[in-house]
Structure formats: structure tokens, C-alpha cells
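This report concerns only the one structure given below.
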Amino acid sequence: MSLFPAPIAASSGLRDGSRLRLHAIGPEDRACIAAGFRRLSAASRYSRFLRPMPRLDAATLDYLTAIDGARHLALGASAGTGERVGIARCIRLAEDPDTTEIAVTVMDDWQRRGVARVLATELARWADAVAIKTFRALFSYENRPVARLLAGAGVAFANDGAGLLRADIDLGLILRGAGPASA
Ligand SMILES: CC(C)(COP(=O)(O)OP(=O)(O)OC[C@H]1O[C@@H](n2cnc3c(N)ncnc32)[C@H](O)[C@@H]1OP(=O)(O)O)[C@@H](O)C(=O)NCCC(=O)NCCS
């Protein structure tokens with residue numbers, strides 16, 4: 001059974017009109033996540049994990065696939081061909097459970113087509129359904145795509161130390177711009 005609450009779409013459109021299929025990540029996605037990681041460039045790995053990541057170990061794979069639909073949510077996106085093109089997750093902060101840290105990764109050859117926007121929007125719908133209020137993004141000061149995405153949406157970000165920037169994004173901001181769920 002899917003972890004998605006009923007109103008969340010099974011598929012959604014990119015800006016070129018092509019469709020993505022979205023699914024809740026689970027333990028069965030372990031091999032796909034490992035394969036996707038192997039295809040990801042060193043630069044994208046660094047941007048995602050905020051440190052050099054030559055490999056994904058078994059404990060990290062366990063963590064990345066242990067989705068419970070309430071504390072830890074994760075969505076995978078596939079193209080019409082079945083190719084896995086991106087993943088987005090959010091995990092509640094122990095010290096502030098209304099806030100989750102969000103991470104989005106799009107395969108290098110699928111970047112700049114709107115995949116992250118689709119994933120973030122659908123993740124926000126799911127998060128809203130389980131009473132999450134805020135996505136916190138932590139990213140390198142060199143991560144121009146994320147800085148530009150946030151600035152374009154009117155989201156402020158601040159220095160978090162150690163070369164990182166931090167933004168707290170109200171889910172309402174994402175959901176107000178999202179329109180109705182696609183089918
Ligand atoms: C950041 C990332 C998730 C964006 O994914 P994406 O699918 O390419 O993003 P989208 O196509 O939805 O673009 C959304 C907006 O982000 C910004 N953006 C994305 N890529 C950009 C780039 N290369 N340069 C400048 N701005 C960029 C733009 O504002 C863009 O909107 P626009 O195309 O209308 O101008 C992707 O680059 C990625 O996976 N990077 C590596 C991992 C990472 O940095 N994750 C985020 C930190 S956890």
C-alpha cells in the first residue's frame with residue numbers, strides 16, 4: 001500500500017509537458033537508489049551530502065529507504081520510460097518536529113527541466129497532510145541552483161556557518177503556488 005495520502009497525485013507534468021511518475025520510496029528502492037548514486041556526478045553528490053561522497057554505504061542506504069510517512073517522507077520521480085530521474089525527502093527535526101530538513105537530488109542529465117519543482121511541490125502536499133509546517137534547506141554557499149530557486153520564490157536565506165546557507169520555507173508558500181494536484 002502506498003504511503004501517499006489519497007489526494008496526492010500519482011503523476012505530474014514537467015515544463016516541457018512530459019509526465020513524471022511519483023512514488024513513495026521504500027526498502028524496495030534500495031537498488032535503484034544505489035544505482036542512481038553511482039550515476040550522479042561528484043559535484044551533485046557533494047551538493048546533496050555537503051561533503052565528498054565517493055560511495056553510499058549500507059547504513060546510509062538503510063537510512064535513506066526507512067520511510068515511515070510521518071517523520072521521514074521521500075518521493076521518487078520516474079520518467080515515462082521508467083528511468084529514475086530524481087528523489088526528494090524531508091525528515092522532521094528532533095528539536096522542532098513541525099520543521100523538516102529537505103533534500104532534493106535530480107540526475108545530472110535531467111536537471112533544469114523542472115523535476116525539482118515537481119518533487120518539492122508534491123512532497124509539500126504530502127508533508128502538509130501530516131502537519132509539517134516548514135521545509136528547512138541547508139546548502140553550500142556555492143550551490144547557485146538552490147540559491148536561485150529560493151531567491152526566485154522570495155525565500156530569504158542566511159549564513160549557517162562552515163560554508164553553509166540555511167533557508168526556512170513555509171509550506172504555504174509552496175502550496176499556494178502549486179495549483180490543484182495533477183492526476
Ligand atoms: C538543485 C537541484 C535539485 C535542482 O533540480 P532541477 O530539477 O534542475 O531544478 P528545476 O529544473 O526544477 O529548476 C528550478 C529552479 O532552480 C533554479 N536552477 C536550477 N538549476 C539551475 C542552474 N543550473 N543554474 C541556476 N539556477 C538553477 C532556477 O531558478 C530554476 O527555475 P527556472 O528554470 O525557472 O529558472 C539539482 O540541481 C540537483 O540535484 N543538484 C545536486 C543536489 C543538490 O544540490 N540538492 C539540493 C541541496 S540538498
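The values are calculated or read from the model by the stated rules, or taken from the named source; none is laboratory data. Note that the structure is predicted; figures quoted are calculated from it, not measured. Using ideal geometry, Cβ is built from the backbone for each residue, glycine included, and neighbour counts are taken over all protein chains shown. We work out accessible area using only protein heavy atoms, side chains counted, and drop any ligands, DNA or RNA first. Shrake-Rupley method; radii C 1.70, N 1.55, O 1.52, S 1.80 Å.
Here are the numbers for this structure:
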quantity	calculated
Gaussian network model of the chain, springs between alpha carbon atoms under 10 Å - residue of 40, 20, 75 with greatest fluctuation	40
Span per principal axis, largest first, for the Cα atoms of the chain (Å)	40, 36, 34
Whole-percent carbon and sulfur share, accessible surface of region 20-171, 1.4 Å	53
Using distinct alpha-carbon pairs, which all enter the 1/r mean, Kirkwood radius of region 93-183 in Å	13.9
Within-10-Å neighbourhood charge of residue 157 [Cβ basis; K, R +1; D, E -1]	-1
Summed side-chain charge close to residue 133 - residues other than residue 133 whose Cβ falls under 9 Å, Lys, Arg +1, Asp, Glu -1	-3
Cα→Cβ-extended label distance, 7 Å offset, between residue 49 and residue 170, nm	3.6
Helix-derived mean residue ellipticity, 222 nm - over the chain, DSSP H n ≥ 4, -39500 (n - 2.57), to 500	-9000 deg cm²/dmol
Most fluctuating residue given options 13, 69, 26, as computed from a GNM of the chain linking Cα atoms under 10 Å	13
